[in-house]
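Only one structure is covered here, and it is reproduced in the block below.
The values are calculated or read from the model by the stated rules, or taken from the named source; none is laboratory data. Everything quoted here is computed from the prediction, not taken from an experiment. All Cβ positions, glycine included, derive from the backbone under ideal geometry; neighbour counts span all protein chains shown.
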Protein chains: 2
Amino acid sequence: MQVNKKEERRDPKITTIKLKKAAENVVEEAHKHKNPYIDIPVRSLSNVHFNEQQSIIELGKELQRRYFFNVAQAKKFLQTFLIASACKTLIDSGKTTSIRDLYYMTKHTIGDSNENTFDDQMDSDLIIEDLEVTIDALREELNLFASNRGALVGPLKLIDSGDKIDCSKMGSGGWSVPSIVEKNLVEFESCEAKFILMVEKDAVWRRLNEDKFWKKHKCILIHGQGMAPRGVRRLLFRLVNELKLPLYVFVDNDPWGFYIYSVIKQGSINLAYESQRMAVPSAKFLGLSSFDKDIYKLPDNVTIKLNEQDKSRAKQIIQYPWFKSKEWQKELSHMLKQGVKLELEALSAKGISFVTDTYLPDKINNKKWLD
Amino acid sequence: MQVNKKEERRDPKITTIKLKKAAENVVEEAHKHKNPYIDIPVRSLSNVHFNEQQSIIELGKELQRRYFFNVAQAKKFLQTFLIASACKTLIDSGKTTSIRDLYYMTKHTIGDSNENTFDDQMDSDLIIEDLEVTIDALREELNLFASNRGALVGPLKLIDSGDKIDCSKMGSGGWSVPSIVEKNLVEFESCEAKFILMVEKDAVWRRLNEDKFWKKHKCILIHGQGMAPRGVRRLLFRLVNELKLPLYVFVDNDPWGFYIYSVIKQGSINLAYESQRMAVPSAKFLGLSSFDKDIYKLPDNVTIKLNEQDKSRAKQIIQYPWFKSKEWQKELSHMLKQGVKLELEALSAKGISFVTDTYLPDKINNKKWLD
């Protein structure tokens with residue numbers, strides 16, 4: 001799969017052409033006095049599978065047909081083209097907007113009825129997902145963004161909306177990662193980093209930035225304030241694929257941390273159709289490992305007992321095909337057996353810069369990671 | 001009150017001296033064979049009042065004495081000095097950390113007992129607040145930070161941890177506002193802005209940034225991703241007081257939006273002791289006003305019904321001394337009477353750049369704000 005090559009050629013015009021094509025099909029069917037329709041890939045669990053070869057979660061080929069002349073489908077049909085039309089307007093005018101804003105832009109009362117095009121943002125969000133998967137365009141290519149979180153520092157120069165950004169001179173706050181990082185907005189200029197370190201928590205990122213970890217170890221240091229948002233995931237994908245950098249993920253030792261790692265690596269079940277251009281199967285899990293407490297001699301009182309939700313989540317994760325390797329099974333079983341979890345901050349019990357000076361260098365230099 | 005002048009002279013050394021002084025008092029009392037104690041200002045509602053003259057929420061003069069030889073107080077006494085000692089270590093080493101990290105740094109089992117110094121971060125957070133108010137130092141001066149949120153763009157050059165940052169060349173993401181923006185970390189170099197526009201939502205901030213609103217109107221454009229976090233509040237305070245800029249606040253038309261505005265302007269009841277160095281009494285409320293729907297002819301279907309929580313919150317807010325002016329009473333009553341709220345995104349029903357091209361220029365140029 002030449003995901004990259006395909007990637008390079010993406011262009012806003014292509015998205016416009018696809019949107020127009022979908023509309024033209026409808027017009028054509030109408031002229032033929034037929035019932036206009038649109039074919040939408042099914043986004044349910046039944047149509048999601050794990051591609052072992054590529055090591056990503058993928059959407060299958062199942063389609064559902066949405067008709068215009070169908071009492072149950074007419075409104076959704078209308079909504080689909082209303083959203084498509086608004087996205088085309090956005091792309092044509094070179095503007096981007098939030099999915100909440102798009103909801104307000106497309107919400108109106110239909111004719112003389114009391115019926116609104118949308119009553120709730122949940123409805124328009126679902127239609128956006130339908131549209132993304134139907135015309136095979138990421139939300140960002142429809143000029144839509146989600147809330148942006150996450151920041152980056154490191155020896156990387158880039159251009160963001162025409163401004164040159166030197167990510168090694170961004171002070172304590174770093175470059176705030178925008179939610180849309182597509183090529184027409186963000187271009188990499190030069191990079192001296194040898195790897196990427198993705199940290200779950202901004203507080204730990206800040207510690208590492210203050211200690212200038214990224215300078216000493218020549219890396220790009222990035223966080224996503226919890227679950228990596230789309231902008232961060234897409235940026236990681238581009239950094240790994242375009243700059244050929246290894247990616248290390250550093251998360252809490254709990255089922256949520258493992259999940260954050262797995263979404264970065266394999267993609268998520270809910271958004272399986274995005275994996276091809278968001279997932280980074282080469283990502284490595286650096287920590288925290290359930291074995292770290294003993295290896296690094298952390299005191300007992302920094303552990304937190306797994307609650308019922310943690311336990312059932314861990315038992316779920318242990319069944320996932322992408323956690324089937326012997327090492328991962330050992331890792332997850334150990335956590336369940338110990339019955340405790342560890343936060344990244346637990347390393348501070350060994351001193352404020354233990355994470356910078358000891359833990360991370362040991363993990364990276366001695367390749368102590370999980371795949 | 002020469003808040004500013006006092007401000008200028010703040011220095012990390014002063015905080016160290018205060019921390020040492022508190023400890024020396026204890027040692028002195030012990031040498032005198034007396035029961036060591038520390039006097040802590042009371043942070044309950046009974047000791048909070050609205051200073052009409054300065055127009056900020058303030059802490060009163062009530063004190064509580066915390067003793068060492070007192071079964072009920074001994075542990076808290078220990079915790080207070082444990083936190084104080086850890087903060088002194090931080091300041092001495094020039095490092096900052098998160099309040100979660102400080103919890104882990106100071107958590108340990110006491111001697112041979114089964115008793116931990118802290119069992120929950122909630123305990124250490126309360127002690128941090130005790131310490132802040134006792135030695136009259138902001139948490140940031142103890143080198144502690146909360147989660148950082150918020151971003152800034154505009155014609156402002158500053159120095160952040162030694163790096164020169166030109167906030168007019170920060171692309172689409174902007175300068176990510178750090179959680180500590182004290183003088184030793186963030187210095188203003190030059191500024192050509194004529195005012196500050198603080199926006200509640202990052203999506204609207206992004207719209208305004210993309211439309212280069214800040215360039216056309218020469219302003220600093222900042223958001224706090226919801227409730228303004230401490231870093232953003234403290235930065236607003238410094239921008240207003242050091243650069244003498246007017247501050248306009250732009251929030252949703254709902255009780256939560258009004259509350260965000262009031263915290264920026266008068267401070268909050270919970271953190272009343274910070275108002276002197278966080279609150280900006282000169283801040284103006286630009287919108288959304290409950291009257292905007294009619295004035296700007298927004299369609300009916302962009303309004304959202306007030307729920308019970310909104311209503312009771314609005315009825316609470318209408319009683320606050322700082323909302324007592326005739327204009328605010330009219331504003332709040334109108335919202336309650338109409339029974340609906342409006343989000344900033346509702347303006348997009350009039351077109352994607354209506355907020356940039358029409359709404360904000362009209363509000364600012366014609367001084368259509370509330371005080």
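From the set of residues in the stretch A:107-130 that are closer than 22 Å to A:Ile38 by Cα and exposed (fewer than 13 other Cβ atoms within 10 Å of the Cβ), which is nearest to the chain's Cα centre (by Cα)?
That would be A:Met122.
Could you run through the stretch A:149-164 and say how many residues are more than 16 Å from A:Phe237 (Cβ to Cβ) and buried (at least 21 other Cβ atoms within 10 Å of the Cβ)?
5
Would you point out the residue of the stretch B:318-353, among those that are among the charged types (D, E, K, R) and touching a strand residue (DSSP E or B) at 6+ places or on another chain (Cβ under 8 Å), that is farthest from the other protein chains (Cβ to nearest Cβ)?
Only one residue tops the list, namely B:Glu327.
So, in the stretch B:248-262, exactly how many residues are surrounded by fewer than 23 Cβ atoms within 10 Å (Cβ to Cβ) and either closer than 19 Å to B:Leu158 by Cα or among the β-branched types (Val, Ile, Thr) (or both)?
Count: 1.
Find the residue count for the stretch A:179-194, including only residues that are buried (at least 16 other Cβ atoms within 10 Å of the Cβ), out of contact with any strand residue (DSSP E or B) (no Cβ under 6 Å at 6 or more places or on another chain) and more than 8 Å from chain B (Cβ to nearest Cβ).
Going through the stretch A:179-194 one residue at a time, the tally reaches 2.
For A:Leu197, work out the one condition from (1) closer than 22 Å to B:Pro178 by Cβ; (2) surrounded by fewer than 21 Cβ atoms within 10 Å (Cβ to Cβ); (3) more than 8 Å from every other protein chain (Cβ to nearest Cβ) it doesn't fulfil.
Of (1) closer than 22 Å to B:Pro178 by Cβ; (2) surrounded by fewer than 21 Cβ atoms within 10 Å (Cβ to Cβ); (3) more than 8 Å from every other protein chain (Cβ to nearest Cβ), only one is false for A:Leu197: (2).
Give me the pairs, please: first residue somewhere in the stretch A:194-209 and free of Cβ contacts under 8 Å to residues at least 40 places away in the same chain, second residue anywhere and not aliphatic (A, V, I, L, M), beta-carbon distance under 8 Å, and either six or more positions apart or on two chains.
A:Arg206/A:Ser172; A:Arg206/B:Thr96; A:Arg206/B:Ser98; A:Arg206/B:Phe145; A:Arg206/B:Asn148; A:Arg206/B:Pro178; A:Arg206/B:Ser179
Conditions: (1) closer than 20 Å to A:Pro12 by Cβ; (2) out of contact with any strand residue (DSSP E or B) (no Cβ under 7 Å at 6 or more places or on another chain). A:Gln79 meets all but one. Number of the miss?
Failed condition: (1).
Of all residues in the stretch A:316-338, count the ones that are over 24 Å from the mean Cα position of the chain (by Cα) and free of Cβ contacts under 8 Å to residues at least 12 places away in the same chain.
So the count comes out to 4.
Can you tell me how many residues within the stretch B:289-315 are surrounded by 18 or more Cβ atoms within 10 Å (Cβ to Cβ) and either touching a Gly at 6+ places or on another chain (Cβ under 7 Å) or without any contact (Cβ under 8 Å) to a residue 24 or more places away in the chain (or both)?
1
Take A:Ile264 and decide whether it is at pLDDT below 95, in contact with a Leu (Cβ under 7 Å, 6 or more places away or on another chain) and among the aliphatic types (A, V, I, L, M).
no
Using beta carbons and a limit of 6 Å, which pairs, at least six apart or on different chains, have the first residue in the stretch A:258-271 and over 24 Å from A:Asp130 (Cα atoms) and the second one in a loop (DSSP other than H, G, I, E, B)?
The qualifying pairs are A:Ile260/A:Glu200; A:Ile260/A:Met227; A:Ile260/A:Val251; A:Tyr261/A:Val251.
For B:Leu271, work out the one condition from (1) in contact with an Asp or Glu (Cβ under 6 Å, 6 or more places away or on another chain); (2) of a type outside the set (Phe, Trp, Tyr); (3) closer than 24 Å to B:Gly60 by Cα it doesn't fulfil.
Status for B:Leu271: all satisfied but (1).
Quick one: in the stretch A:161-178, which of the residues that are facing another protein chain (nearest Cβ under 8 Å) and hydroxyl-bearing (Ser, Thr, Tyr) is farthest from B:Ser179 (Cα to Cα)?
Among residues in the stretch A:161-178 that are facing another protein chain (nearest Cβ under 8 Å) and hydroxyl-bearing (Ser, Thr, Tyr), the one farthest from B:Ser179 (Cα to Cα) is A:Ser161.
Please specify each residue of the stretch B:243-260 satisfying the condition of being over 17 Å from B:Ala203 (Cα atoms) and outside any helix (DSSP H, G or I).
Answer for the stretch B:243-260, where residues must be over 17 Å from B:Ala203 (Cα atoms) and outside any helix (DSSP H, G or I): B:Lys244, B:Leu245, B:Pro246, B:Leu247, B:Tyr248, B:Asp254.
For the stretch A:26-48, does any single residue satisfy the condition of being of a type in the set (Ser, Thr, Tyr), farther than 18 Å from A:Glu274 by Cβ and touching a residue at least 24 places away in the same chain (Cβ under 8 Å)?
The answer is yes, given that some residue of the stretch A:26-48 is of a type in the set (Ser, Thr, Tyr), farther than 18 Å from A:Glu274 by Cβ and touching a residue at least 24 places away in the same chain (Cβ under 8 Å).
So in the stretch A:92-106, with the set limited to residues that are at the interface with chain B (Cβ under 7 Å from one of its Cβ atoms) and assigned to a loop (DSSP other than H, G, I, E, B), which one is surrounded by the most Cβ atoms within 10 Å (Cβ to Cβ)?
Among those residues, the one meeting the criterion is A:Thr96.
Filter the stretch A:107-117 down to the residues that are closer than 21 Å to A:Glu129 by Cα and at the interface with chain B (Cβ under 8 Å from one of its Cβ atoms) and list them by number.
A:Lys107, A:His108, A:Asn116
With the condition kept exactly as written, say whether any residue in the stretch B:297-317 is closer than 16 Å to B:Gly257 by Cα, more than 14 Å from every other protein chain (Cβ to nearest Cβ) and small (Gly, Ala, Ser).
yes
Just to verify a result, which residue in the stretch A:339-371, among those that are in a helix (DSSP H, G or I) and polar (S, T, N, Q), is nearest to A:Tyr248 (Cα to Cα)?
For the stretch A:339-371, the residue satisfying everything is A:Asn365.
In the stretch B:110-123, what count of residues is obtained for those that are modelled with pLDDT under 90 and polar (S, T, N, Q)?
2
Restricting attention to the stretch A:323-371, which residues are more than 18 Å from A:Phe213 (Cβ to Cβ) and acidic (Asp, Glu)?
Correct list: A:Glu327, A:Glu331, A:Glu343, A:Asp371.
Condition first: in a helix (DSSP H, G or I) and surrounded by 18 or more Cβ atoms within 10 Å (Cβ to Cβ). Now tell me which residues in the stretch B:27-75 satisfy that.
Listed by number, the list is empty, since nothing qualifies.
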